[in-house]
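Please treat every number below as a calculation from the coordinates, not as lab data. Here the structure is a predicted model, which is why all the values come from computation and not from measurement. Positions of Cβ are generated from backbone atoms using ideal geometry, with glycine treated the same way; all protein chains shown enter the neighbour counts.
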Amino acid sequence: MSVAVDELIQREVTPKTWFGVGGAVEMYAEPTNLDALRQLLRAHDRVRILGDGANLLVDDGVVDGLVVSLRHLNQREIVSENRNRVVLRVGAGEQLPKLIGWCVKSNLSGLEGLSGIPASVGGAAVMNAGGKFAKIGGLIQGVRTLSESNVIELGREELHFGYRSSNLGDSVIVSLDLLLERVEGEGAESLRARHREATAYKRATQPMGVRSAGCAFKNALIDGERVSAGMLIDRAGCKGERVGGAGVSDVHANFVTTTAEATARDIIELMRLVRARVLETHGVLLEPEVVIWSNETDPLGAAT
Ligand code: EPU
């Protein structure tokens with residue numbers, strides 16, 4: 001590894017996450033260009049990519065390996081425009097809410113249904129972030145990923161998106177091509193109305209102004225249908241349940257909220273408790289949506 005790239009690495013850094021608690025990572029770097037990122041990937045076997053930290057819990061202590069933040073890879077560029085169809089290339093490190101704000105101002109429609117979802121654009125693609133109004137996968141025309149040697153371009157036909165999932169999990173995404181529509185007049189008004197509606201729905205149904213990582217568990221698949229994990233947790237009587245500084249939100253039971261005193265272990269213990277209670281009440285084993293970085297392979301363990 002060249003000295004320049006070696007110098008990028010900081011030791012024992014606590015990554016910024018929306019939970020606002022948890023431990024440090026052994027090595028951390030914020031490359032400012034693709035070449036530096038490529039060199040980091042070449043030199044390290046265990047590399048984790050940090051998005052916006054919105055759906056992430058870092059275990060207490062020091063988690064092994066290198067974490068790379070792509071926050072500097074956040075450029076936007078219109079790569080084609082044909083009548084009202086616009087293809088926008090966005091760096092994986094761009095923050096989704098910031099991008100949505102810019103699109104709404106620029107009369108570019110498509111992303112507004114994702115308003116209020118905290119994520120980096122790359123992280124949103126990996127988990128096909130979405131909600132009641134839209135999912136990002138539907139807008140993605142192509143993805144550029146980086147291996148140790150090459151930039152690989154994946155077209156729409158090579159991409160697969162499912163409920164909170166995609167076939168991009170093992171890739172290092174450097175940019176997405178999003179298909180948007182340029183609108184004006186009434187089209188622009190209805191774009192703004194959809195943006196307001198999506199924001200208002202989140203405000204009305206989810207805890208705001210407190211620290212959380214969004215939904216803790218994926219919605220459950222029961223008889224081929226997705227059923228709200230929040231509803232199942234609520235009906236299992238878990239609202240208000242607490243472990244140390246972590247609690248099940250009274251507003252939406254699938255949100256674990258934290259106080260400044262919380263530890264990652266408080267959150268993990270609370271998630272274990274919730275999982276066990278839901279299994280006991282409904283016979284359903286919830287799958288975590290929050291990603292946990294830990295030196296343990298399965299920190300949530302069996303639901304007992
Ligand atoms: N409900 C309850 N109690 C609760 C929470 C919900 O009874 O504590 C009921 C609601 O009253 C409603 C139903 O469950 O009848 C569905 O609730 P909601 O509209 O909040 O949807 P959800 O299925 O619980 C999903 C996503 C959210 C997304 C919302 C809205 C998952 C795991 N969650 O929640 O995504 O914002 O739809 O579109 O897929 C996230 O992934 O981090 C997230 C917040």
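How high is the relative contact order of the chain, in percent, counting Cα pairs under 8 Å that sit 6 or more residues apart?
17 percent
Report the Cα-based extents of the range 146-225 along its three principal axes, largest first, to the nearest Å.
45, 40, 32
What does the charge count near ALA92 come to, summing +1 for each Lys or Arg and -1 for each Asp or Glu among other residues with Cβ under 11 Å from its Cβ?
Neighbour charge sum, excluding ALA92 itself: +1.
Under unit Cβ charges (Lys, Arg +1; Asp, Glu -1), what dipole magnitude, rounded to 20 debye, does the chain have relative to its Cα centre?
On the way: 34 positive and 39 negative charges, 184 e Å.
It comes to approximately 880 debye.
Treating only the Cβ of Lys, Arg, Asp and Glu as charged (+1, +1, -1, -1), what charge dipole size does the range 135-178 show about its Cα centre? Round to the nearest 20 debye.
In debye, rounded to 20, the range 135-178 gives about 260.
Tally Lys/Arg at +1 and Asp/Glu at -1 over every other residue whose Cβ is under 14 Å from the Cβ of ARG265; what's the total?
On the way: positive: ARG242, ARG272; negative: ASP59, ASP60, GLU261, ASP266, GLU269, GLU296.
Around ARG265, the surrounding residues sum to -4.
In nm, to one decimal, how far is the modelled label at HIS160 from the one at ASP250, with both set 7 Å along Cα→Cβ?
Computed distance between label sites HIS160 and ASP250 equals 4.5 nm.
Would you mind getting the Kirkwood hydrodynamic radius of the range 209-304 from its Cα pairs, rounded to one decimal in Å?
That comes to 13.3 Å for the range 209-304.
So if I place +1 on the C-beta of Lys and Arg and -1 on the C-beta of Asp and Glu, and nothing else carries charge, what would the dipole magnitude of the range 1-66 be about its Cα centre? I want it in debye, nearest 20. List each step's numbers first, then the result.
On the way: 6 positive and 11 negative charges, 34 e Å.
In total the dipole reaches around 160 debye.
Counting pairs of Cα atoms in the chain, how many percent are more than 24 Å apart?
55 percent
Sequence gap at least 6, Cα distance under 8 Å: using those rules, report the relative contact order of the range 116-226 to the nearest whole percent.
The normalised contact order for the range 116-226 reaches 25 percent.
Given contacts defined as C-alpha pairs under 8 Å and at least six residues apart, what's the relative contact order of the range 188-304, whole-number percent? Could you put the intermediate results ahead of the total?
On the way: 166 pairs, mean separation 30.3, N = 117.
About 26 percent, as a whole number.
Sum up the charges of everything whose Cβ sits under 13 Å from the Cβ of ILE49, counting Lys and Arg as +1 and Asp and Glu as -1, but leave ILE49 out.
0
Once the Cα atoms of the range 109-244 are picked out, what are the Rg and Dmax in Å?
17.4, 52
Test of the criteria: in the range 1-74, which GluC sites (Glu not before Pro) are in a DSSP loop and have at most 12 other Cβ atoms within 10 angstrom of their Cβ?
Details: sites: GLU7, GLU12, GLU26; in loops: GLU7.
Loop-located and lightly packed - GLU7.
What is the spread of the Cα atoms of the range 10-131 along each of their three principal axes, largest first, in whole Å?
51, 31, 20
Within 10 Å of each candidate Cβ there may be at most 15 other Cβ atoms; applying that plus a DSSP loop requirement, which GluC sites (Glu not before Pro) in the range 198-298 survive?
GLU261, GLU296
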